[in-house]
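A quick write-up on the structure given underneath.
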Amino acid sequence: MSKAVDQLVQCCCSQQQQPAPAAAAAEPCSFIGTSTGRTRRWGKLLRRQSFYFLAASFSALANCSVSLWCSPLRLAGQTRPPSIGPDRGARLGCRFFQNTVLDPYLWQRKTFICNTFNVLLPKPKKGSKLRVVEVAPTDAKYLAFLKPDKPDWYIENYIGIGKTLDIETLKKEATAMGCKYAFQTWTNPRERWKLKNGNTDMALLQDGAMATLGRDLEAALSEIKRVLKPNGRLFFAVNEEDARVLGGSFELGLQNSVSDRLGFELVAANRGEDCGLVAGYMRKRIPKAPKANTANPLRKLPRAY
């Protein structure tokens, strides 16, 4: 009996002294609910949140820097007379992030131009196919704004004319509009465009185009007047630099400006206070017909007695 008890005690002791298997030792490390797994998960979450926080901080800092760059702060006691032309956001040549995502006035300009052109679009016959000529284009960013909301008429031909043209970008915009495209390099202001007289429905000058043309603006407007139809429209978007090149004042109907001297009359113009642009359209001035002499010639004859 005593021998059997001794054997039972030795067996229990041997079972308690046996080492745990390797799989059982490694089991807590693979279990997600342990403290080690929670620590790993919290570490990944904190790293992601810190990355998002740094990205948001960098974006906010970039927007603040661009805003300060675009509209410099006025010094104490500094006064400036009111500007005749567009004011805030009009100095496109002074901005480093012009026409990029960081440009705070990019979407303001596009929205303003879209709303203005949409009101001033012509109303031709239903199903008409129109031709558009853009002078000194950069990216044809306003071409889509010359399309009506309803498909009552279409833009069939787009022609870009200028000294230097980004043809690939212009092709993409014209293809997206579903119109045929053609381009002409125009380096000599004395050279006539390869277009017939009076076969163009609309012409377009985007902001910065007049300043880019400079001294050639008069020659460009003369060619636009030649190719436009009698009821054709010259759409424009003007910034402060363009206004200086064009001359005149929009409040006074662009009197004594380059366009006025060449026979254009201002029909409508809208000023965007937030984006610093003026948009509208001109047309060729219609000469006033001389008044017909409706007087009775018999009244001038002396009466016979």
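Values quoted throughout were computed directly from the atomic coordinates according to the rules given, and no laboratory measurement underlies them. Bear in mind that the values here come from a model prediction, so they are computed numbers and not experimental data. Using ideal geometry, Cβ is built from the backbone for each residue, glycine included, and neighbour counts are taken over all protein chains shown.
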- Looking at the range 182-250, which trypsin sites (Lys or Arg not before Pro) are in a loop (DSSP not H, G, I, E or B) and have at most 13 other Cβ atoms within 10 Å? Arg190, Arg192, Lys194, Lys196
- Item | Peptide ranges 170-177, 133-140 listed from the most packed, as the mean C-beta count within 10 angstrom indicates | 133-140, 170-177
- One would report the Cα pair-distance distribution of the range 111-186, bin width 5 Å, in %, as 3, 16, 27, 24, 18, 10, 3, 0
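The range 155-236: Rg/Rh from Cα coordinates, Kirkwood Rh? Mind dumping the intermediate values first?
Details: Rg = 12.5 Å, Rh = 13.4 Å.
My calculation puts Rg/Rh at 0.93.
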- Item | In sequence order, calculated HN-Hα J values of the range 223-235 (Karplus, 6.51, -1.76, 1.60; Hz; x Gly/Pro) | 5, 4, 5, 5, 8, 6, 6, x, 9, x, 10, 9, 7
- Mind giving me the nanometre distance, one decimal, between the label points for Ser222 and Asn197, set 7 Å out from Cα along Cα→Cβ? 1.5
- Query: What residue among Pro124, Ala269, Pro137 has its Cα farthest toward the positive end of the dipole of the range 92-284, where the charges are +1 on Lys, Arg and -1 on Asp, Glu, each on the Cβ?
  - Reply: Pro124
- Message: What percentages make up the Cα-Cα pair-distance distribution of the range 92-284 when the bins are 5 Å wide from 0?
- Response: 1, 8, 16, 22, 23, 17, 10, 3, 0
- Task: Please list, in chain and number order, the residues 5+ apart from Ser128 or on another chain whose amide H is under 5 Å from its amide H, with Hs placed from the backbone.
- Result: Tyr154
